[in-house]
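First up is the structure itself, then whatever we jot down about it.
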């Protein structure tokens with residue numbers, strides 16, 4: 001699992017499975033109190049990670065950069081902090097983790113924008129496939 005696109009896709013698939021199980025649990029118990037946390041798990045944990053993985057699969061120069069690995073770790077951290085943070089905020093246990101997770105998610109997206117601007121999309125002319 002060395003290629004960064006694979007890391008994004010595998011992690012995104014795991015987050016999607018957790019989100020789906022969580023959604024079924026909410027439906028079975030008719031308790032949708034934590035739906036915002038569930039939604040963020042699916043949106044950032046699966047959709048954004050799949051978009052990022054697709055970009056890196058199509059852009060080998062960007063995928064080979066050190067920033068790609070940092071981006072993966074930052075996005076994973078954002079999901080792992082934000083989702084429980086939202087659940088804690090909803091339950092009245094404080095908003096600190098949700099705030100930290102939100103900042104991590106914002107920085108992750110800003111880093112993605114920087115990587116796209118820096119490397120473009122697709123293989124660069126003369127670039128060796130990885």
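Let me spell it out: the conditions are (1) assigned to a helix (DSSP H, G or I); (2) out of contact with any helix residue (DSSP H, G or I) (no Cβ under 8 Å at 6 or more places or on another chain), and residue 93 meets all of them except one. Which number is the exception?
(1)
Starting from residues that are surrounded by 17 or more Cβ atoms within 10 Å (Cβ to Cβ) and touching a residue at least 40 places away in the same chain (Cβ under 8 Å), keep the ones in the range 86-107 and report whichever is farthest from the chain's Cα centre (by Cα).
The selected residue is 87.
Are any of the residues in the range 62-78 over 16 Å from the mean Cα position of the chain (by Cα) and not in a helix (DSSP H, G or I)?
yes
Yes or no, residue by residue, for (1) farther than 24 Å from residue 114 by Cβ; (2) touching a strand residue (DSSP E or B) at 6+ places or on another chain (Cβ under 9 Å); (3) surrounded by fewer than 20 Cβ atoms within 10 Å (Cβ to Cβ):
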{"site": "4", "(1), (2), (3)": "no, no, no"}
{"site": "14", "(1), (2), (3)": "yes, no, yes"}
{"site": "18", "(1), (2), (3)": "yes, no, yes"}
{"site": "43", "(1), (2), (3)": "no, no, yes"}
{"site": "48", "(1), (2), (3)": "no, no, no"}
{"site": "56", "(1), (2), (3)": "no, no, no"}
{"site": "80", "(1), (2), (3)": "no, no, yes"}
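Only one of 47, 10, 51, 83 is closer than 20 Å to residue 122 by Cβ and modelled with pLDDT of 95 or more. Can you tell me which?
51
The values are calculated or read from the model by the stated rules, or taken from the named source; none is laboratory data. Every value quoted in this text rests on a predicted model; they were computed, and no experiment measured them. Neighbour counts run over all protein chains shown; Cβ positions are idealised from the backbone, glycine included.
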